[in-house]
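Student: One structure coming up, written as structure tokens, with questions to follow.
The values are calculated or read from the model by the stated rules, or taken from the named source; none is laboratory data. Predicted model, so just to flag it, every value in this text is computed and none were measured. Here Cβ is always computed from backbone atoms with ideal geometry, including for glycine, and neighbour counts include all displayed protein chains. Heavy atoms of the whole protein, side chains included, go into the accessibility calculation; ligands, DNA and RNA do not. Shrake-Rupley method; radii C 1.70, N 1.55, O 1.52, S 1.80 Å.
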Amino acid sequence: MNAMNIEPNKNLIARPPVVVVVGHIDHGKTKLLDYIRKTNVMEKESGGITQHIGAYEVMIKTKDGNEEKITFLDTPGHEAFSQIRSRGAKAADVAILVVAADEGVKPQTEESIGVLKNADLPFAVAINKIDKEGANSEKIKKELAEQGILVEDWGGKTPAVEISAKQGTGVEDLLETIVLLAQLEELKADPKILAKGVVIESSLEPKRGNAATLLIQDGTLKVGEFVAAGSAVSPVRIFEDFLGNSLKEASFSSPIRVVGFDCLPPAGTAFSAFYSKKEAEKAAAKEKISGGFFGENKKIKEVQIVSLIIVPVILKADTSGSLEALEKEAKKFDSEKLKIKILKSGTGPVSEDDFKTALSAQEAIIVSFRAGLDVKIRELLSRGGVVFKNFDVIYEASDWLKEQLEKKLPPEIKRMEIGKAKILKLFKKSGQKQVIGGKVLDGFVKAEARFEIIRNEHKIGEGRIMELQQAKIKAKEAAKGDEFGLLVDAAAGIEAGDVLHFFEEKTIKQTL
């Protein structure tokens with residue numbers, strides 16, 4: 001069909017923006033989110049937010065008298081935001097980059113700028129803490145310019161608003177700026193279709209079971225439907241808004257809580273709603289086979305093959321308050337990839353006993369915050385075998401510890417599906433080598449790619465391409481609709497009617 005004859009979707013209407021707040025630690029991200037929530041959330045009958053579900057909605061009144069809804073991802077470390085990005089989805093529409101007016105651009109600010117550029121997210125800069133002594137907005141704008149961010153009053157396109165998240169100064173102007181940025185994006189969605197979106201976070205609720213916070217990005221979700229998120233399925237029965245109020249339906253840009261999943265869907269997983277349990281289970285079954293939905297958009301799916309690493313750590317600090325802060329920073333790095341095991345923690349200098357404990361544990365890390373060293377063990381530490389460093393700034397200790405932990409993570413293997421093909425004929429078989437003919441159903445087939453063999457919706461084995469031919473001529477690639485011949489190496493016998501899922505694997509350094 002000619003694209004010029006395709007009628008536009010007349011059901012599309014404007015949808016509220018989803019906003020993520022990023023920036024350096026201690027520059028006021030959490031304080032800003034707290035102020036916005038306390039002054040703009042409609043508390044209704046619930047008496048306020050009773051549970052943390054990772055996102056919330058605010059209603060603001062603009063200067064022209066209109067009311068606008070904004071959804072914030074309430075993840076101070078934006079873990080869900082990062083997970084969603086890593087799976088190729090768009091978590092937010094607009095961002096706020098927070099920079100402290102008295103400190104300026106820091107390493108995590110630079111990292112956040114990189115994230116925003118990679119995600120191609122429109123954003124506003126919130127120059128925070130303008131009430132503090134030493135605040136210098138012009139210095140901040142200069143430092144941002146050095147990072148390639150030109151604010152509007154420096155001749156650029158990025159809006160910057162001076163605020164005090166503590167006092168609330170300028171926050172209304174910042175929110176109005178966010179609304180204007182969102183309007184320029186012309187965000188639209190269809191309320192008449194079944195809901196789809198992403199998982200923000202999930203957890204096991206002791207009295208209710210597996211629950212997940214879902215961010216609806218399109219369509220409407222209703223009680224009585226079913227949700228498939230990856231390989232997890234749930235009926236839409238216990239269905240609540242971010243305040244814990246029961247719902248019968250919810251539409252796009254709304255964060256909602258659904259309880260009753262048969263397993264926990266990971267943050268960042270795409271979800272879709274279905275009218276029946278059978279349809280939802282069928283979609284989840286496909287996910288279990290392929291590791292991801294593979295539609296006409298030919299998105300690359302990724303399957304991460306990781307194992308849990310346990311890292312022994314010893315923490316020392318000058319005071320109990322500092323030690324508590326250090327322990328909190330260390331525990332932030334616990335994840336599905338890595339678990340920190342604190343062997344010892346205490347106040348006072350790093351001692352000979354600390355050193356011996358670390359040495360016996362093998363590959364232990366000692367982090368010291370203003371604690372110093374016993375003279376006796378300086379020589380012992382110089383011999384190696386123990387990773388140690390002392391710090392005077394807590395976030396520098398946190399950054400260094402993260403760097404050391406990441407060194408211990410094994411490379412991450414990402415499996416990227418590139419295409420599917422149906423086998424039409426088996427020509428020859430000799431041991432594990434087989435000559436087969438088929439047709440590309442989706443994506444493409446690439447010489448030397450690996451594949452999974454699917455028969456009756458079940459995986460029966462894997463193999464690799466040794467040679468690809470088209471019209472009896474050696475080829476590098478076959479596209480959708482093409483017929484081909486393959487010489488493959490596969491332990492399982494391939495039959496006519498089997499479907500091959502072709503993939504490539506990349507080894508990537510893991511991060512926390």
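Student: How far apart, in nanometres, would the label points at Ile309 and Asp153 be if each is projected 7 angstrom from Cα along the Cα-to-Cβ direction?
Tutor: With each label placed 7 Å out from Cα toward Cβ, I get 4.6 nm.
Student: Among all the aspartates and glutamates, which ones have a C-alpha under 15 Å from Lys474's C-alpha, if same-chain residues fewer than 8 places away are not counted?
Tutor: List returned: Glu448, Asp482, Glu483.
Student: Per residue and in cubic angstrom, what volume does the convex hull of the Cα atoms of segment 452-512 have?
Tutor: 150 Å³
Student: Further question: Put +1 on the Cβ of each Lys and Arg and -1 on the Cβ of each Asp and Glu in segment 111-186; which of Ala124, Trp154, Ala135 then has its Cα farthest toward the positive end of the dipole?
Tutor: Checking the options against the dipole of segment 111-186, the answer is Ala135.
Student: How large is the Rg to Rh ratio of segment 132-172 when both quantities use alpha carbon positions and Rh follows Kirkwood?
Tutor: 1.01
Student: Determine the calculated [θ] at 222 nm for the chain from helices alone, applying -39500 (n - 2.57) to every DSSP H run no shorter than 4 residues and normalising by the residue count; nearest 500 deg cm²/dmol.
Tutor: It comes out at -7000 deg cm²/dmol, rounded to the nearest 500.
Student: How much accessible surface does Val21 have with a 1.4 Å probe, in Å² rounded to 10?
Tutor: Surface open to solvent at Val21 totals about 10 Å².
Student: On to the next question. Using the alpha-carbon centroid of each, what span in Å lies between segment 143-173 and segment 344-399?
Tutor: 41 Å
Student: Say each of Lys408 and Lys428 gets a label point 7 Å from the Cα, pointing the same way as Cα to Cβ; how far apart are those two points in nm?
Tutor: 5.3 nm
Student: Here is a further query. Provide, for q = 0.10, 0.13, 0.14, 0.18 Å⁻¹, the log10 of I(q)/I(0) from a solvent-free Debye sum over equal Cα point scatterers in segment 107-249.
Tutor: -0.56, -0.82, -0.89, -1.07
Student: Let me ask something additional. Pick out, from Leu409, Gly385, Phe444, the residue whose Cα sits farthest towards the positive end of the charge dipole of segment 384-512, with +1 on the Cβ of Lys and Arg and -1 on the Cβ of Asp and Glu.
Tutor: Most positive-ward Cα: Phe444.
Student: Right, next: In debye, nearest 20, what is the charge dipole magnitude of the chain about its Cα centre with +1 on Lys and Arg Cβ and -1 on Asp and Glu Cβ, if you could check?
Tutor: Using Cβ point charges on Lys, Arg, Asp and Glu, the chain gives about 2120 debye.
Student: May I pose another question? Leaving out same-chain residues fewer than 8 places away, which aspartates and glutamates sit with a Cα under 15 Å from that of Lys331?
Tutor: Leaving aside aspartates and glutamates fewer than 8 places away in the same chain, those within reach of Lys331 are Glu79, Asp399, Glu403, Glu406.
Student: Hey, rough spin-label estimate for Lys459 and Glu186, points 7 angstrom out along Cα→Cβ, what's it come to in nanometres?
Tutor: 4.2 nm
Student: If each residue of separation counts as 0.36 nm, what is the full-extension length gain between Met466 and Asp489 once their alpha-carbon separation is subtracted?
Tutor: Length difference between fully extended and current span is 7.6 nm.
Student: Could you pull out the pairs from Lys339/Lys509; Lys196/Lys286; Lys38/Lys157; Lys61/Lys222; Lys286/Lys332 whose alpha carbons sit more than 23 Å apart here?
Tutor: Violating the 23 Å Cα-Cα cut-off are Lys38/Lys157; Lys61/Lys222; Lys286/Lys332.
Student: Just to be sure I understand: of the beta bridges DSSP finds with both ends in the chain, what percent are antiparallel, rounded to 5?
Tutor: If I count the DSSP bridges inside the chain, around 70 percent turn out antiparallel.
Student: Continuing with the same structure: What accessible surface, in Å², does a 1.4 Å probe find on Ser246, ignoring ligands, DNA and RNA and rounding to the nearest 10?
Tutor: Roll a 1.4 Å probe over it and Ser246 shows about 100 Å².
Student: A further question on this structure: Normalising by the residue count of segment 305-418, find the relative contact order in percent from Cα pairs under 8 Å and 6+ residues apart.
Tutor: Once divided by the residue count of segment 305-418, the mean separation gives 31 percent.
Student: With equal scatterers on the alpha carbons only and no solvent term, can you work out the Debye log10 of I(q)/I(0) for segment 410-492 at 0.14 1/Å?
Tutor: At q = 0.14 Å⁻¹ the computed log10 ratios are -0.45.
Student: Let me ask something else about it. Can you tell me, using C-alpha contacts under 8 Å and at least 6 residues apart, the relative contact order of the chain as a whole percent?
Tutor: After rounding, I find 10 percent.
Student: If exposed GluC sites (Glu not before Pro) are those in a DSSP loop with at most 16 other Cβ within 10 Å, what is the longest stretch of the chain that has none?
Tutor: 187-295
Student: Then there's this: Considering all alpha-carbon pairs of segment 149-209, what whole percent are spaced by more than 18 angstrom?
Tutor: 65 percent
Student: Another question about this same structure. Taking 0.36 nm per intervening residue step and subtracting the Cα-Cα distance, what contour gain separates Thr507 from Lys69 on full extension?
Tutor: Here the segment from Thr507 to Lys69 would lengthen by 153.5 nm.
Student: Percent of Cα-Cα pairs more than 44 Å apart in the chain, please.
Tutor: When every Cα pair of the chain is considered, 28 percent fall beyond 44 Å.
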